[in-house]
Amino acid sequence: MSELHKKEMRAVYTDNLIKYGKKNKNIVVLEADLMNCHGTKKFRDAYPTRFINCGIAEANMIGVAAGLASCGKIPFAASFSPFATRRCYDQIAVSVGYTKMNVKIVGTDPGILAQNNGGTHMSLEDVALMCQVPEMVVVEPVDTVSFDKLFPQILACDKPMYIRLQRKTTAPIFEDDAKIDLFKANVVRKGTDITIVASSIMVHRALTTARSLAEFGIDAEVISVHTYKPLDTDTIFRSVKKTGAVISCENHHLIGGMGQMIATALMENDIRVPFGMIGISDRYGEVGNEKYLADIMGLTEQDIYDKAEEIYKKK
Amino acid sequence: MEINRIKQLNEQADLIRKMSIECIANFGSGHIGGTSSIIETLTCLYYECANIDPTQPNWADRDRIVLSKGHAAVGLYSTLAAKGYFHKSELLTLNQNGTNLPSHCDMLKVTGVDFTAGSLGQGISAAVGMAIAAKMDRKKYRVYTIVGDGESQEGQVWEAVMLAGSRKLNNLTVFVDNNGMQIDGMCDDICKVAPFEPKYKAFGFKVVTVDGHDVEAICNAIEESKKSKKPTAIILNTIKGKGVKCCEGTPASHSVAFTEELFKAENTGGVLNI
């Protein structure tokens, strides 16, 4: 097992910022008073002049990042995902998106991972919001290994980008030899009967479910998506044409989420197969641990199992 | 400042004001009020005080000028065209379908525009980012940003001011166009944000208040800001719609519809050969 699986996502984030920041002096890190939550204090200590704590003022942080980018810097501006996105959406749309500034917006603890911070801190809509910004690349690494591999690719991509990040340890999906391409989804389990397209914390749940389904004779193919936009529909289409059925699984609202993007792409390309979605219905978050929240919001292995079985039977 | 230089700058400001009026009149309507109030400031920056080179609009060491009150874009465009960043004839495409000169200033479309603005409160944040970038790179360029008084009702303005003061960005000069008016009336009646002097002082700025139509006073204030150890706020006491007979000193000047008669009455001399 990769040593990286023992690391937290935030440590992978900060260590990569420091590693690449050594060579690339344009890397700048911005925080809005969550340096200690993101572990970027290490970057501040290593490169104090390239670290800006903007205080609790996310809208200004995004604008400052845009100004830095206009002078050739590559700013990484982080906050909890609702504050990095919906709180400063117009700033992102105008000062970053409309101007095509190379700003990397980092939103942490997305979806139900806000856990005991509750409904005020729960971004169930951030992927939808950020995908609506023209040309914005929207990425959510599924584990620490893939993030480590994605980081240099993220750095090399000069488009505005939203990076949705789990903050702590992640369920292991990939090993060190995995090939991770920023713009390609990964088939993480081969199967023939149904395709399960998953992202975020749902990839691990999908893999566990696939093993349960296999015991009952349903051979599921699991695709791990880390880039929502542009979505790698080629990989999804190839799989769906083979299996003839598909469900999506995401730690996000169903409205405007990955499932809807997949459904639209399938329809547009005349791929008509039984289709289902696992995600959060039209509601707000609440406090609770990840297990409790997954239970009440329909993100458990059992939910995936039931949906997969239902859709498979429609074939 | 020599009397001749003052005269030259005033003449240049008059010309840029006329160019702006003609652009707007050619389209039929536009943001003449908040444009006219900052013409002298734009003139002082581009013709006297800022370190810029129209032949190198992307020169890395140029001073940055961010028009945070992006609706005054026509004034900036006219100044840039007068300076030679692009041809004056292009000004007549303002706001036309498919134009490269949209109503609110656009850095991707207009040569010489340092940052896009229009959604109020955002330009000043970008200016703070630019000033921080200059400090990081140990570069000497300065950053100037022009903010409206009405715009200052946006909380983001004060987030940016707070960060600039706290980081002692002495390479940043914020102009406040204190014309006292906004779309719906007088700023003081709608949501009073003045006085600006004590607020900027409290956030660690050097503050200079000038007559925003006095080119000598503006230039002196800018030169003073270059020597400051703190960021500088220059409060420009201005008249909305200054020099535009049909609407000078009225909130209605924010966006004005120009009939041919109104335009003729302005007597611009057809500087753009309309």
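Bear in mind that the values in this text are calculations on the coordinates, not laboratory data. Note that the structure is predicted; figures quoted are calculated from it, not measured. Quick reminder, even Gly has a Cβ in these numbers, built from the backbone with ideal geometry, and neighbours come from all protein chains shown.
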* Structure fact -> What the 10 Å binned alpha carbon P(r) of segment A:230-315 shows, as percent of pairs per bin from 0, is 17, 46, 29, 9, 0
* **For segment A:92-102, Karplus couplings with θ = phi - 60° (6.51, -1.76, 1.60), whole Hz, Gly/Pro x** => 5, 5, 8, 6, 10, x, 4, 8, 6, 7, 7
* For segment A:256-273, what does the Karplus curve 6.51 cos²θ - 1.76 cosθ + 1.60, with θ = phi - 60°, yield as ³J(HN,Hα) per residue in whole Hz, taken in order and with x for Gly and Pro? -> x, x, 4, x, 5, 5, 5, 4, 4, 5, 5, 4, 4, 9, 6, 9, 9, 9
* Structure fact -> Beyond 22 Å (Cα-Cα) in this structure, taken from B:LYS18/B:LYS245; A:LYS73/B:LYS206; A:LYS25/A:LYS104; B:LYS7/B:LYS201, we find A:LYS73/B:LYS206; B:LYS7/B:LYS201
* Structure fact -> Over the Cα atoms of segment A:3-165 the radius of gyration and the largest Cα-Cα distance (Dmax), both in Å, equal 14.2, 41
* To do: Enter the mean number of other protein chain beta carbons within 10 Å of the beta carbon of each residue in B:129-140, as an integer.
  => 6
* **Degrees separating the helix B:3-27 axis from the principal Cα axis of chain B, which is the longest one** => 60
* Asked: Cα centroid distance between segment B:18-83 and segment A:232-311, in Å?
  -> 51
* Extending each Cα 7 Å along its Cβ direction at A:VAL287 and B:THR259, get the distance between those two points in nm, one decimal. => 6.6
* Asked: By the gyration tensor of its Cα atoms, with a ≥ b ≥ c the square roots of the eigenvalues, what is the shape of the protein assembly as shown: rounded for a/c under 1.5, prolate for a/b over b/c, or oblate?
  -> prolate
* Of B:LYS168/B:LYS226; B:LYS83/B:LYS229; B:LYS139/B:LYS230; A:LYS23/A:LYS179, which pairs sit farther than 21 Å apart, going by alpha carbon to alpha carbon? -> B:LYS83/B:LYS229; A:LYS23/A:LYS179
* Computed magnitude of the charge dipole of the protein assembly as shown (debye, nearest 20; Cβ of K, R +1, Cβ of D, E -1) -> 1700
* Is any residue of segment B:35-56 close enough, with backbone N under 17 Å, to a label point placed 7 angstrom from the Cα of B:GLU2 along the Cα-Cβ axis, and if so, which? -> B:47-49
* **Between 0 and 90°, nearest 10: helix B:155-166 axis offset from chain B longest Cα axis** => 40
* Within 10 Å of each Cβ in A:49-61, the average number of Cβ atoms from other chains -> 5
* **With Cα atoms, 0 to 90° folded angle of helix B:215-227 axis to chain B main axis** => 30
* Structure fact -> Here, segment A:154-218 modelled as identical Cα point scatterers in vacuum has Debye log10 I(q)/I(0) at q = 0.13, 0.25, 0.27, 0.28 Å⁻¹ of -0.48, -1.30, -1.38, -1.41
* **C-alpha center-to-center spacing [segment B:105-128, segment A:140-182] in angstrom** => 32
* Let me know the shape class of segment A:24-108, please: from the alpha-carbon gyration tensor, a ≥ b ≥ c as square roots of the eigenvalues, rounded when a/c is under 1.5, otherwise prolate if a/b is greater than b/c, or oblate. => oblate
* Can you run phi through the Karplus equation (6.51, -1.76, 1.60; θ = phi - 60°) for segment A:293-310 and list ³J(HN,Hα) in whole Hz, with x for Gly and Pro? -> 5, 5, 4, 6, 9, x, 10, 8, 4, 4, 4, 5, 4, 4, 5, 4, 5, 4
* Asked: Just counting partner chain Cβ atoms within 10 Å, what average do the residues of peptide A:71-79 show around their Cβ?
  -> 3
* For segment B:72-156, what's the radius of gyration and Dmax over Cα atoms, in angstrom? -> 14.2, 42
* All other residues with a Cβ under 15 Å from the Cβ of A:ILE112 taken together, and with Lys, Arg as +1 and Asp, Glu as -1, what is their net charge? -> -4
* Show the residues, 5+ positions off or on another chain, whose built amide H is closer than 5 Å to the amide H of A:ILE223. => A:VAL188, A:ILE196, A:VAL197, A:ALA198
* Could you list which residues have their amide H under 5 Å from that of B:VAL66, counting only those 5 or more apart in sequence or on another chain, with H placed in the peptide plane? => B:TYR144, B:THR145, B:ILE146
* Asked: Given H placed on each backbone N at 1.01 Å, which residues far from A:GLY279 in sequence or on other chains put an amide H within less than 5 Å of it?
  -> A:GLU250
* Which whole-number percentage describes the relative contact order of segment A:3-165, with Cα contacts under 8 Å and a sequence gap of 6 or more? -> 23
* To do: For segment A:187-220 and segment A:37-55, write down the distance between their C-alpha centroids in whole Å.
  => 40
* Kindly give Rg over Rh for segment B:3-266, based on alpha-carbon atoms, with the Kirkwood expression for the hydrodynamic radius. => 0.94
* Structure fact -> Inverse of <1/r> over all distinct C-alpha pairs of chain A, i.e. the Kirkwood Rh in Å, gives 19.6
* What is the list of residues in segment B:34-58 whose amide nitrogen lies under 17 Å from a point 7 angstrom out from the Cα of B:THR111, following Cα to Cβ? -> B:52-58
* Calculated FRET efficiency for the pair A:MET1/A:ASP181, C-beta based, R₀ 25 Å, to 0.05 -> 0.65
